[in-house]
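The values are calculated or read from the model by the stated rules, or taken from the named source; none is laboratory data. Since the model is a prediction, treat every value here as computed from it, not as a measurement. Cβ placement follows ideal geometry from the backbone for every residue including glycine, while neighbour counts extend to all protein chains displayed.
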Amino acid sequence: MSSRRFTTRHMVRIVWDLGWADFQLKYRGSVLGYFWSFAVPFCKFVIFFYVFRVLFVVDIPFYSLYLFLGIILWEYFANVTMACIGIPLTYADIIKNVAFPRFLLVFTVGWIQTIIFCTHVAIFFVMSVMMGAAPSWNALYFPVPFLQFTLFSLGIGSLLASYALRFRDFPHLWGILLQVFFWLTPITYVHAVHAPATVEFLQMISSPQQIIGWEMLTFFTRFQPLSLIIFDTRRVLLPDGGGMPSLVHSVVLTAICLLVFWIGLLVFRKRSRSFVQEY
């Protein structure tokens, strides 16, 4: 679908209105309404705090914050990709009957999930202050890994959405793969990258014999984009997290995420032209 007839202002308005309407629809009819967007992450944090502060003592400073931050980041990725897969079916009536640039639906999904994610981050900051672990000035860097995470998530989601109608098993298969990737990402455990990550990565690939067998899995766990972004986020938001990443690291990781996003959106724009025929 050509976007030449739509100005940037029109497209932003479409994404804003459609995303906000869907977010409001999510809580329409409930007694507590938007309060649920805060209640759910707050309850999760209370559970983490109780379990790992009272029942199981973990030798990681502020582990409840460490775990909660990893969980909300992971859920953001999982929710974005699953919502993207559902685009052809969720917005089927719009796709069939309204002429507009269909790639805007990808941005709509990103906007909806960003609203939800912001409520989770707000809970994190409040709990950090209450626990005496308020983020330092390094937290000003947080928009960078968030942008990286959003680009990467939307890129993967766009690729999956492109073939969701042709292969109807995609949502089920992706749900299983998310469980696998959850444990291949350092969310519940510590698998730190020794800074600078770019240098360590180049050192490892320069000696291929070091990454054979199980070491290959370790290599993937340490250097896949999700791991790096979550690691960087913890560095800038948690006390004694290690400070801000290097400029080279940030530029390279942003370029990778931007490439994934560009490829995903390109494929989605091409494949979305045949959505109507595939219903």
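With S274, S250 as the choices, which residue is more than 17 Å from T150 (Cα to Cα), assigned to a helix (DSSP H, G or I) and polar (S, T, N, Q)? Quick ask: steps written out before the conclusion?
Numbers: S250 fails: more than 17 Å from T150 (Cα to Cα).
Only one candidate passes the filter, namely S274.
Name the single residue that is farthest from R271 (Cα to Cα) among those in the stretch 73-88 being among the aliphatic types (A, V, I, L, M) and surrounded by fewer than 21 Cβ atoms within 10 Å (Cβ to Cβ). I'd like the intermediate steps shown before the answer.
Narrowing the stretch 73-88 to residues among the aliphatic types (A, V, I, L, M): 73, 78, 80, 82-83, 85, 87.
Next, only the ones that are surrounded by fewer than 21 Cβ atoms within 10 Å (Cβ to Cβ) stay: 78, 82.
Working: A78: 22, M82: 18 Å.
The qualifying residue farthest from R271 (Cα to Cα) is A78.
Put simply, of L173, L177 the only residue that is part of a helix (DSSP H, G or I), at pLDDT 85 or above, farther than 21 Å from T150 by Cα and not β-branched (V, I, T) is L173. Taken over the stretch 52-72, the criterion of being of a type in the set (S, T, Y) and crowded, with 21+ Cβ neighbours inside 10 Å is satisfied by S64, Y66. Scanning the stretch 121-164 for residues that are part of a loop (DSSP other than H, G, I, E, B) and crowded, with 21+ Cβ neighbours inside 10 Å turns up just one, A164.
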